[in-house]
Amino acid sequence: GFGSDEDRHPERMEHFGMTTVEAMSAGCIPVVINKGGQKEIVEHGTSGFLWNTLDELADFSARIARNEIPPAPLRRQARQRFKHFSVKRFQSEAGRLFSPLLAEEP
């Protein structure tokens, strides 16, 4: 999605970000573009970083690589955030939403 207008070309965006969520589950610190589903997954400065420009991408990446940003809290929060998108949570939420419909008699 970099360089694309999100409103004019939404199909060019990463809509969910499965790779990002999987990386977070392993404790990786995501540095992802602030478009599409990425901005719904990553909590900027808490569970990773969202960038808008190539300079921001380079800056966040360099600061992480140089340990200027303490990695442990970000890794911990990334793992916690992953749980928000787990299969277990999806099943629980889907069950909660659909159970009233399934309980109704025709």
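Throughout, read-outs are computed from the coordinates displayed, never taken from laboratory work. The structure displayed is predicted, hence computed values, not measured ones. When we count neighbours, we look across all protein chains shown, and the Cβ atoms used for this are built from the backbone with ideal geometry, even at glycine.
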If every Lys and Arg gets +1 and every Asp and Glu gets -1 at its Cβ, then about the Cα centre the range 18-67 yields a dipole, in debye to the nearest 20, of 60 debye
With springs only between Cα atoms under 10 Å, which of 78, 23, 58 fluctuates most in a Gaussian network model of the chain?
-> 58
With springs only between Cα atoms under 10 Å apart, run a GNM on the chain and tell me which of 43, 11, 22 wobbles the most.
-> 11
By how many degrees, 0 to 90 and rounded to 10, does the Cα axis of helix 54-65 deviate from the longest principal axis of the chain?
-> 90 degrees
Against the longest alpha carbon principal axis of the chain, how many degrees, from 0 to 90 and to the nearest 10, is the axis of helix 71-83 turned?
-> 20 degrees
Could you work out the relative contact order of the chain, using alpha carbon pairs under 8 angstrom and six or more residues apart, expressed as a whole percent?
-> 25 percent
Dipole axis of the range 5-106 (+1 Lys, Arg; -1 Asp, Glu on Cβ), positive-most option in 23, 54, 94 | 23
Report the Stokes-Einstein translational diffusion coefficient (µm² s⁻¹, integer) for the range 35-77, Rh taken as the Kirkwood radius over Cα pairs, at 10 °C with viscosity 1.306 mPa s.
-> 146 µm²/s
